[in-house]
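A quick write-up on the structure given underneath.
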Amino acid sequence: MFAAVQSHQKMNLTYLLLGLLVFASSRGSHARAIDDLDNSIEMVDDKPSSQAMLHTRSRLGQDWIRFIKTPPGKIMQTIGSPVEIVCEIMGSQIPTVQWVVGHLPLSEIDSIESNVISESSSSAIVKVRSVHVIDHMLSEPRTYTCVGRTGSKTVYASTIVYPQTDFKDLVQIREKPFRGPFRPRIVYSERMHLDLVGSNVVLPCKVHARPKAEVTWLNDEGNRIEQSHRIKLLPSGDLLITNIKWEDMGAYKCVARNGMGKDSNDVFLYPVQKEVEDQ
């Protein structure tokens with residue numbers, strides 16, 4: 001049994017380190033994060049060495065954050081069409097993402113207080129996806145800044161949205177919300193979540209829709225996830241999994257649906273085995 005645990009541990013750390021290598025190789029504007037992960041991993045027989053395992057585990061509790069996908073520098077809004085701005089951030093301790101409207105000095109962005117309520121886990125590594133929906137016609141160009149934060153680290157990137165100016169006779173519709181129903185859009189979710197076995201995990205699924213969307217969760221076989229003593233669908237649409245186990249590893253799909261259509265998001269949950277000490 002000990003050999004099986006060791007095998008699981010090696011596979012766990014191999015995938016974990018591969019994920020960290022992919023993360024470390026990505027680059028985003030204004031990102032300030034650790035830069036030496038890819039140079040610090042020593043491999044022996046295509047497996048992480050024991051020193052690399054210890055080193056990587058020691059980094060899990062540290063603050064780091066990086067853009068995986070930055071929002072575009074500018075977007076043109078066409079008449080009658082909502083605008084969606086997307087950013088993806090990866091970091092430790094479950095990073096939060098919020099959007100700031102209007103131009104702010106960088107010093108103010110660094111010091112702004114987060115209004116996002118998030119779970120906290122010092123052992124987690126998470127990739128977060130956030131979509132800001134502008135559901136009204138702008139009357140002038142406006143700046144929208146995606147701000148990611150974990151611990152003491154902050155990253156940010158801005159988009160300027162320009163309204164279409166060719167239809168001056170339609171000025172009266174500007175700054176008024178678009179009327180009528182619209183299909184769901186998942187605006188806050190995760191794409192990957194790594195944490196230690198035994199941790200409690202909340203997989204977010206925040207939805208923008210009119211009328212309100214019904215949220216369901218599916219497993220990697222496409223079957224609806226049934227609630228149990230460990231798995232709960234929260235009123236917010238988030239999925240709570242307590243005391244995660246190795247067998248919880250896999251893809252989870254959030255599906256939001258109303259009469260206008262549906263949207264979905266996949267997140268991969270990876271429980272990382274705790275270090276096994278020799279007896």
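Numbers at a glance
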| item | result |
| --- | --- |
| The one condition in (1) under 24 Å from Gln77 (Cβ atoms); (2) of a type outside the set (D, E, K, R); (3) modelled with pLDDT under 95 that Gly222 fails to fulfil | (1) |
| Of all residues in region 140-178 being over 27 Å from the mean Cα position of the chain (by Cα) and modelled with pLDDT of 85 or more, the one that is nearest to Gly73 (Cα to Cα) | Pro141 |
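The values are calculated or read from the model by the stated rules, or taken from the named source; none is laboratory data. Model, not experiment: these values are computed from the prediction. Note that we place each Cβ from the backbone using ideal geometry, even for glycine, and neighbour counts take in every protein chain shown.
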